[in-house]
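All remarks here apply to the structure that follows.
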Amino acid sequence: MASGYNHKLIEGKWQKVWDDNKAFAATNDFSKPKYYALVEFPYPSGQGLHVGHPRPYTALDIVARKRRMQGYNVLYPMGWDAFGLPTENYAIKNKIHPKEVTKTNVARFKEQLHSLGYSFDWDREINTTDSDYYKWTQWIFLKLFKEGLAYKKEMPINWCTSCKVGLANEEVVNGVCERCGSEVVRKVKSEWMLKITEYADKLIEGLDGVDYIERVKVSQKNWIGRSTGAEVDFAIKGKEEKLRIYTTRCDTLFGVTYMVVSPEHPYLDQFKSEIKNWDEIVAYREQASKKSDFERAELAKDKTGVCIDGLTAVNPVNGKEVPIWVSDYVLMSYGTGAIMAVPAHDERDWEFAKKFGLPIIQVVAKDGEEVDVNEAAFTDVATGVLVNSDFINGLEVKDAKTKMIEFLEEKGIGQAKVNYKLRDWVFSRQRYWGEPIPIVECEKCGFVPISEDELPLLLPEVDSYEPTDNGESPLAAMTDWVNTTCPCCGGPAKRETDTMPQWAGSSWYFLRYTDPTNKEALAGKEALKYWLPVDWYNGGMEHTTLHLLYSRFWHKFLYDQGVVPTSEPYQKRTSHGMILGENGEKMSKSRGNVVNPDDIVRDYGADTLRTYEMFIGAFDLSASWSEDGVKGCRRFLERVWKLQDIVTDEDGFSKDMETKMHQTIKKVSSDFESLKYNTAIAAMMSLVNDFYKKNTVTKDEFKTLIVMLNPVAPHITEELWSLKNYGGYVYEQTWPEYDEAKTVESTVEIAVQINGKTRATVAIAKDADRDSVISIAKETLGDRLTGNIIKEIYVPGKIVNIVAK
RNA sequence: GCCGGUGUGUCGGAAUUGGCAGACGAGGCAGACUCAAAAUCUGUUGCGGGCAACCGCGUAUGGGUUCAAGUCCCAUCACCGGCACCA
């Protein structure tokens, strides 16, 4: 009898063997086929690893280990996205340098990941806060700046009146400061921006050539929010200036009954003298500017606004005069900051018109049916047909749009225009713990980039990490660092004191892994050419819109610069579901349902944790933790362990197990590729159950099981392999092959139905012909088959259905 | 409100994409081992009826297509996640 399965004795031992052997290092042999598997690198928080982390890491560890056994040169790296607010806040609170906090947290994370037996190539570990790393983050920024894609702009920020600090949106909870609970207002500050909007079309088009799960593609497209419409110039009565608006429904131009401009619209100030109710307008504008984003959202339903007394717009298609209103439901940041209002065919305009008693004119009718636009706006484009609209009457919406645009362009009063919801990326943070922005401001030369050979621009040591009273970054207080000379004219200049956001370092990290120690470039050309694109990238749904979009943007920019060889960074993108607490709620300290992976590793072992997290349910859906489920997986591994007592010396698969073996290899092989880890494990459990039913396993059957199980449970399988003296290591073995012909049983059980209801099952030879199967089926049914047979259906290998009346 | 996702035993979840619903795991029940418990092993386990072979009902709800529907179509409901007036 073998001694019991003791994970504590074997897991550390094998982790050391893998480290000593450098078992999982990617080689620089670029002639081998490559496979680049990537998981999102974690932010090393003070809480340590969460049980949610191992889910994606194990999934791609399985893929990476399997690919190595299939002969690929695999790159499966890990690193640390270590800049960020929580570290800085912790540093402020505890008066420890963020660098020290990061170091401690990274050490803890690394130890925890190590204890789970991942096959990461630790020689390629990176950290976004290393100056050797952020040198290249800064280098990319300089490139962007030189290409005109980085610019400064006045932007409103969230400002805590009590802490006197700018806050990220995530720090504003219900309109108040997360930390002190005081009021948060908007304050205008000059910020660095990146022109991601310039890449909007490329970011949409690029999605066609990549293999992302559908919902990721959909949310990327929605976030970019491309809409095709038209800009139209409305005359302002008695003025030279035109009021330019953006619309996606230029077909409804004949239904315009009023106009709306946003409270920030420049015409308000420009035509101040003509506006008779200026005081009212100013008051409204004040009120609107005070509203936080939160309040605007809260009051979304209730429209407010003021009619401008003194300005009138003229509809360019019919010469009709309409009033101009000011309302905060029109945003300055989208389109032109002004709209034409067609209450009959837009819900927001309809609500506004109802509230202020403005006329509603129908210009689109539903396909032959009456619609009462006084009851609700009619917005259906698919069935709409134009009415009351002069030269476009009777046209469908789509054709009416085309014709109207032709008309507008011909008359010079408007043109087709594409707009995006996507905003440029606010790239400044008034914080210490981030990459310094390598720009100086010279009185004479303006913003000047520092020279590339001065990179990295090191983050200087400061006395305090607290932001300053006026909302500047702590770096602003360091006068001897801030005051410098202009690289251009040599005159006095000041350094930029804002730092980059956390998204910066994570926008290109996958490039650095390919060649992490390169001093001359962010990575060598040859390495980039070989390893890119990432073959499979897995990460959370929460990063679909920001991180994924930002990194695709940088990558596309670098591609245009000739720095990287592919236009897309990631060939395949998948997302995992969250792991919830036992009660089905999100794990959190306050709910008291947090599970610490260290405890599971200690009590059950890393292999059990890995197996359980893969078995817990469909990979892309969220799943609730269950300690009983963990025990079940441990029990399975114990049963695998004890198989060693019934293994024979026999080669090959035994006759009665042959089909099952081939079926299992096939199932496990394909399930590992398609995120169906749970059913792959179920198949191996079922195989083990069959071994016990027979109470014997041949050497080759056992070896095959060990190799297939190895990616999931690497420690126990190495131990069993070594105990049995099979020679070498499991990780060096070749992934088992199956024979398609041998996955089919020689006799199959098929269902026999009468009128679609199963009445019996019969065993038939797999190649039995239709007639004989049907006659066997009828024989089996005997008396139960009554009435006239109308139809006989035979689906080979599956079912016989006799239709009788 | 819009976008996306999900509804299957007591629970987590399977179902080769239209072909025997409930694989695998958990839990329950019964038994073996044990002084006993735990662990382990064996059997059983969707609901209802029948001694039984069997029969009826069952995949959120209502309808439809089909020889055959968890799977396809139409409508409805519930829950989860994201976004908030994007003209």
* Structure fact -> Order by accessible surface, 1.4 Å probe, largest leading, for residues A:Lys354, A:Lys366 comes to A:Lys354, A:Lys366
* **Rounded to 10°, Cα long-axis angle of helix A:54-69 versus longest principal axis of chain A** => 60
* Structure fact -> For A:25-36, A:594-605, ranked highest to lowest by mean beta-carbon neighbours within 10 Å, the order is A:594-605, A:25-36
* Asked: Ranked from the most accessible area to the least, with a 1.4 Å probe and all protein chains present, what is the order of A:Lys642, A:Lys572?
  -> A:Lys642, A:Lys572
* Structure fact -> Between the alpha carbon centres of region A:418-492 and region A:589-612 the gap in Å comes to 43
* Could you give the distance between the Cα centres of region A:59-116 and region A:507-571, to the whole Å? -> 19
* To do: Can you pull the one-decimal nm distance between simple spin-label points at A:Thr161 and A:Asp302, each 7 Å off the Cα toward Cβ?
  => 2.0
* Asked: What residues from region A:26-61 fall in the zone where the backbone N is under 14 Å from a label point 7 Å along the Cα-to-C-beta line of A:Asn596?
  -> A:46-51
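In deg cm²/dmol, rounded to 500, what helix-only [θ] at 222 nm does chain A give when every DSSP H run of at least 4 residues adds -39500 (n - 2.57) and the total is split over its residues?
Rounded to the nearest 500, it is -10500 deg cm²/dmol.
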* Structure fact -> Everything considered on the Cα gyration tensor (a ≥ b ≥ c; rounded for a/c under 1.5, else prolate if a/b is larger than b/c, else oblate), region A:191-234 must be described as oblate
* Label-point separation (nm) for A:Ala763 and A:Thr383, each offset 7 Å from Cα along Cα-to-Cβ? -> 5.9
* To do: Please name which of A:Met541, A:Val322, A:Pro449 has its Cα lying farthest along the dipole of chain A towards the positive end, using unit charges on Cβ (Lys, Arg +1; Asp, Glu -1) and the Cα centre as origin.
  => A:Met541
* Structure fact -> Per the rule of 0.36 nm per residue minus the C-alpha distance, extending A:Met541 to A:His114 adds in nm 151.2 nm
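Around A:Gly48, under 15 Å between beta carbons, what's the net of Lys plus Arg minus Asp minus Glu among the other residues?
Every neighbour counted, the sum reads +2.
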* Asked: Shape of region A:1-123 from its Cα gyration tensor (a ≥ b ≥ c, root eigenvalues): rounded if a/c is under 1.5, otherwise prolate when a/b > b/c, or oblate?
  -> oblate
* Which value, in debye to the nearest 20, describes the size of the charge dipole of chain A about its Cα centre when Lys and Arg Cβ atoms bear +1, Asp and Glu Cβ atoms bear -1, and nothing else is charged? -> 980
* **Solvent-accessible area per residue for region A:677-758 (1.4 angstrom probe, square angstrom)** => 40
* Structure fact -> A student applying the Cα gyration tensor rule (rounded when a/c is under 1.5; otherwise prolate if a/b is larger than b/c, oblate if not) would label chain A oblate
* Asked: Once the whole set of protein chains is in place, how much accessible area is left on A:Phe145, using a 1.4 Å probe, in Å² to the nearest 10?
  -> 40
* Over region A:699-805, what is the percentage of antiparallel beta bridges among all DSSP beta bridges, to the nearest 5? -> 80
* Structure fact -> With Cα coordinates, the longest principal axis of chain A makes an angle with the long axis of helix A:627-642, in degrees rounded to 10, of 40
* State the extension gain, in nm to one decimal, for the chain segment bounded by A:Glu370 and A:Val748, taking 0.36 nm per residue of separation less the distance between their alpha-carbons. => 130.0 nm
* Quick one: what does P(r) look like for region A:428-535 with 5 Å bins over all Cα pairs, in whole %? -> 2, 12, 17, 18, 16, 14, 11, 7, 4, 1
* Asked: So how do A:Met578, A:Met340 rank on accessible area, 1.4 Å probe, biggest first, that is with the largest at the start?
  -> A:Met578, A:Met340
* To do: Beta carbons within 10 angstrom, averaged per residue: use that to sort the peptides A:458-465, A:498-505, A:107-114, A:126-133, highest first.
  => A:498-505, A:126-133, A:107-114, A:458-465
* **For A:Lys791, solvent-accessible area (1.4 Å; no DNA, RNA or ligand), Å²** => 120
* Sites A:Lys320 and A:Asp19 - FRET efficiency at Förster radius 60 Å, r taken between beta-carbons, to 0.05 -> 0.15
* **Relative packing of A:444-453, A:552-561, which averages over residues the other C-beta atoms within 10 Å, highest first** => A:552-561, A:444-453
* Asked: Which FRET efficiency value, to the nearest 0.05, do you get for A:Ser686 and A:Glu779 by plugging their Cβ-Cβ distance into 1/(1 + (r/R0)^6) with R0 = 25 Å?
  -> 0.15
* Pick out, in residue order, every one of the GluC sites (Glu not before Pro) in region A:297-403 that is DSSP loop and has at most 16 other C-beta atoms within 10 Å; say none if there are none. => A:Glu370, A:Glu375
* To do: Round to the nearest 10 and give me the degree value, 0 to 90, for the angle of helix A:714-723's Cα axis relative to the longest principal axis of chain A.
  => 20
* Label-point gap, in nm, between A:Asn6 and A:Phe391 - each point 7 angstrom along Cα→Cβ -> 9.2
* Asked: What is the extension gain from A:Glu461 to A:Lys354, computed as 0.36 nm multiplied by their sequence separation minus the C-alpha to C-alpha distance, in nm to one decimal?
  -> 32.5 nm
* To the nearest 0.05, what FRET efficiency results for A:Glu274 and A:Gln561 with a Förster distance of 56 Å applied to their C-beta separation? -> 0.65
* Over chain A, with every protein chain in place, what whole percent of the accessible area is carbon and sulfur at 1.4 Å, could you tell me? => 49
* Which far-off residues, 5 or more places away or on another chain, put their amide H under 5 Å from the one on A:Ile126, with H placed in the peptide plane? -> A:Met78, A:Gly79, A:Trp80
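The values are calculated or read from the model by the stated rules, or taken from the named source; none is laboratory data. Here the structure is a predicted model, which is why all the values come from computation and not from measurement. Cβ: placed from backbone, ideal geometry, glycine included. Neighbour counts: every protein chain shown. Quick note on the areas: whole protein, heavy atoms, side chains included, nothing else; ligands and nucleic acids left out. Shrake-Rupley method; radii C 1.70, N 1.55, O 1.52, S 1.80 Å.
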